[in-house]
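The values are calculated or read from the model by the stated rules, or taken from the named source; none is laboratory data. Since the model is a prediction, treat every value here as computed from it, not as a measurement. Don't worry about glycine lacking a Cβ; one is built from the backbone with ideal geometry, like all the others, and counts go over all protein chains shown. Surface areas here come from the heavy atoms of the whole protein model, side chains and all, with no ligands, DNA or RNA. Shrake-Rupley method; radii C 1.70, N 1.55, O 1.52, S 1.80 Å.
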Amino acid sequence: ELGCGTGVVGLTCAKLGARHVTLSDSESALWPIIRQSLDDNRIPADDCRIHQLDWRDTTTFLNPVDNETDAYDLVVAADVLYAGMQGLFARVLASHLPSVEEMLS
């Protein structure tokens, strides 16, 4: 989940059966809330990883295609577009999805 905030969308995916969920946000202050939600909803911490992702800093981007087991089947986000952020969102989204060539191979 890109820009997860409290992680509602990603945690819902986990509850619905997603085997591996990555919750990402630039605000590490939210992580204790997310961890508490994992506990409250009986979601194993091993099923959800929390990652600090700053849309302005490409060094924080994940590169799932470097390791085939980390490739994402689905990327979700909710309520993440604010004035002036759409270009950053597009860049982050594009960097976390496989290329067309990779999807077809």
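Details
- Matching residues in the stretch 30-53 - criterion: being within 21 Å of Val92 (Cα to Cα) and of a type in the set (A, V, I, L, M): Leu30, Ile50, Leu53
- Pairs where the first residue, in the stretch 1-30, is within 21 Å of Thr58 (Cα to Cα) and open to solvent by less than 40 Å² (accessible area, probe 1.4 Å) and the second is in a strand (DSSP E or B) and among the charged types (D, E, K, R), C-beta under 6 Å, 6+ apart: Gly3/Asp25; Cys4/Asp25; Thr22/Arg49
- Residues in the stretch 48-94 that are modelled with pLDDT of 80 or more, of a type in the set (Ser, Thr, Tyr) and open to solvent by 40 Å² or more (accessible area, probe 1.4 Å): Thr58, Thr59.
- Residue list for the stretch 35-48, restricted to those being among the aliphatic types (A, V, I, L, M) and in a loop (DSSP other than H, G, I, E, B): Ile43
- Count of the stretch 2-34 residues which are closer than 14 Å to Ala78 by Cα and in a helix (DSSP H, G or I): 6
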